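The next block holds one structure in the form of structure tokens; read it before the comments.
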């Protein structure tokens, strides 16, 4: 796609004088994009980004708590591996992993 603009100066000044705004909303997220008074593009992401951030933070906290529990069990000598579950998980992982060239 080729865009020809005979007078780029007038377009920039028009955009700076009249900010254009695009807004999209749905059930889970909304965002807006606009050109501000300085002529720079700006993008704002709202609720969906907040949900992703909150879920990520919750996962990180849960993972840290689990590592803390396992560390405590291991250091006290009470950590025991269920070898049957471990071997089952290893085999399942090997069977479901995509191999290059297949």
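Against the conditions (1) assigned to a loop (DSSP other than H, G, I, E, B); (2) loosely packed, with under 10 Cβ neighbours inside 10 Å; (3) more than 26 Å from the chain's Cα centre (by Cα), residue 85 satisfies every one except (1). Any residue at all in the range 7-17 that is exposed (fewer than 10 other Cβ atoms within 10 Å of the Cβ), in a loop (DSSP other than H, G, I, E, B), at pLDDT below 60 and over 26 Å from the mean Cα position of the chain (by Cα)? There is at least one residue in the range 7-17 that is exposed (fewer than 10 other Cβ atoms within 10 Å of the Cβ), in a loop (DSSP other than H, G, I, E, B), at pLDDT below 60 and over 26 Å from the mean Cα position of the chain (by Cα).
The values are calculated or read from the model by the stated rules, or taken from the named source; none is laboratory data. Since we're looking at a predicted model, the values are computed, not measured. Cβ: placed from backbone, ideal geometry, glycine included. Neighbour counts: every protein chain shown.
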